[in-house]
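Remarks on the structure that follows.
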């Protein structure tokens, strides 16, 4: 048995709190239709017309959920904390707490002439968050810095390479917003699903950690 | 003793966070009466006129509380987690975080001509959430997949059958919104009370799990 | 050693989450002064004119904090949970999550002609919450129902009598709002301070519980 | 091994909840640009024009993060709780939950004629919070009141002296707002970075505590 120290557990609990709040607050971008809309088309049609809002909400919900799942995987392996981990983790949380802001922007402008700019802001922010996540992982995993000494270094390096695909994929989606904003947004959702899939290497690492 | 693993505990803690935030944020649908209303009728009458708002708030509060109680019962029995559990649980949380949205809609239209549509959206969403909950329970309990091997399979199947009444009851209430929206809403509250009642089979299962 | 069971700990953690969110969300009743006010009197005077808002915020903050401290004391002694505890605790949390609503009302009408009605709503709600708290304590403590069997019954009864002063004190403040609303509000703050004071009997009970 | 008691752990968990909520709610000061702004300058320029908002958000995010890190360091050493700790900690949380309010004010007035007053409110509040933090530390650390008896008293006194620089530094920044508000704001950010730096004495104390 190789328990994580109390400090690591508290960082994890604090981060979980932030993830839980962000994922719940997203719903506050969901404003009911205005009275005028409802009187014109009826409540159900007015609600149905709000689909870009629901789509943006759902995409961000699952993006944050996937970030949490992967954060959780990382902290299953981390055994020690230090000041740099605290700050890198703070940077990632900073990125995550901001997610409702671009979500609101993309929801409002998905169907008007500002679509491309809104998609750029949304996908661009996911690119930044994926950079923060990779920075955290790379720092903690480098030469097993914060992992148990028994952790398999080759496996850690292999997973770091896998995760490092993230920023490149999101960067590709950022460029795609200049050509086809809807396609870029769809790809962003596909990436989230992809990173949620079970991963053999990560599972192996987590099993070792127990 | 057969302790749940650390990962299961963290999923539980994260879910608890989301439940706690949703149940607290519901209160933000409670807007004080406008200044005009207050000047016309006085503060107390203006407040009293907001009773549909309070009713919707209270019904959703206890719906989320009951979902939390039952989620809690399920996780008392779960001993292992995997990726599918993470995603099914994420789906349930998605359903729960959205509850304030139909609550706000039913509160605003309980007394106007959109009553039927608002009740449909509200009760319909509870139906969807009950589906998510049953999916989670069915997945975790199927052949004791994530339960302790010692758990009594007949008992698990018996409880799964009991819970599976939920979606059918809510579906019935959904159809009822076409005939009598107020009755459908009252039934929804009655169901919540019903699912909050102590349940012998569930208690037996939880006792085994300790 | 006589550890509380896992279920009791989870109820406690969930309740703590709700308390923490309510106490933080209170700040959202604090709206900055409007641009017109600021242009007329300058930023600092406009801010200073908002003192009823700050007072209401501070009073509710410390009321919720004191409720949390006493909830915490109660759960130090509770060793078992059951369905009724879950529901009585849910009722108390219901009362606590609603606190921001009367707070906002009293903050807006502290200085206008609706002062008496606003004070009635505010103090009245605190009375209701104190009833919920006493119900929880009375249920859990009755014949040591949910306490350790070793707990001193005479001491429990003594503390229950002390706490039961709460509803009477708040009820007195409720009647006082008909005579002098400001005095009733000041008394409410005084009560919160009073219940925050260290209490010898409670301390003795908590020491026994460890 | 010298475990903190359950009560101390619960205070820590409650405080963590409050910190996590405040740090996440800050983002709600981030309002997207108005439709008029967007139509005039385009979405991206309208977003870019909101930089004072982002700056204020980021500064407050890291201020709260640093408060959390130092709160966390303090509770690593605390071994006992009492009623005074509960109230001093409540006072600190009171200060922290209020941070979004001056943040919103400084974000709105950073570029208009109310800059000096806004900076005064913002920096002034950080001064008050730093006083609360020092009060908490001084109370807990005085003659190892709430620390393990083995804790090195000379080291505790040394760290208390280091932390006590905080209020003086913020007070200096408060006076600076009368001369150069931008410089005062920049200094405030610099202080946050400074207090986030790893601290040898604190680390030594925390190592002793484990």
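Numbers below:
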item	result
For residue B:36: the one exception among (1) surrounded by fewer than 20 Cβ atoms within 10 Å (Cβ to Cβ); (2) under 16 Å from residue B:185 (Cα atoms)	(2)
Selection count where residues are touching a helix residue (DSSP H, G or I) at 6+ places or on another chain (Cβ under 7 Å), within 14 Å of chain B (Cβ to nearest Cβ) and free of Cβ contacts under 8 Å to residues at least 60 places away in the same chain, scope the range A:167-198	1
Verdict on residue B:48 being modelled with pLDDT under 90 and buried (at least 20 other Cβ atoms within 10 Å of the Cβ)	no
Looking only at the range D:72-86, and only at residues there that are within 14 Å of chain C (Cβ to nearest Cβ) and part of a helix (DSSP H, G or I), the one that is modelled with the lowest pLDDT	D:83
Count - residues of the range D:155-186 that are buried (at least 18 other Cβ atoms within 10 Å of the Cβ) and farther than 18 Å from residue D:134 by Cα	5
Answer from B:141, B:135, B:90, B:95 - the residue that is modelled with pLDDT of 85 or more, surrounded by 16 or more Cβ atoms within 10 Å (Cβ to Cβ) and farther than 24 Å from residue B:53 by Cα	B:90
Wholly within the range A:97-166, helices (runs of 4 or more DSSP H) carrying at least 1 residues that are closer than 27 Å to residue A:21 by Cβ and within 14 Å of chain D (Cβ to nearest Cβ)	A:100-109, A:115-141
Tally of residues being over 21 Å from residue C:115 (Cβ atoms), under 27 Å from the mean Cα position of the chain (by Cα) and more than 9 Å from every other protein chain (Cβ to nearest Cβ) across the range C:14-65	1
Candidates C:85, C:120, C:93, C:146 - the one that is touching a residue at least 40 places away in the same chain (Cβ under 8 Å) and farther than 25 Å from residue B:195 by Cα	C:120
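The values are calculated or read from the model by the stated rules, or taken from the named source; none is laboratory data. Keep in mind the model is a prediction, meaning the values are calculated, not measured. Don't worry about glycine lacking a Cβ; one is built from the backbone with ideal geometry, like all the others, and counts go over all protein chains shown.
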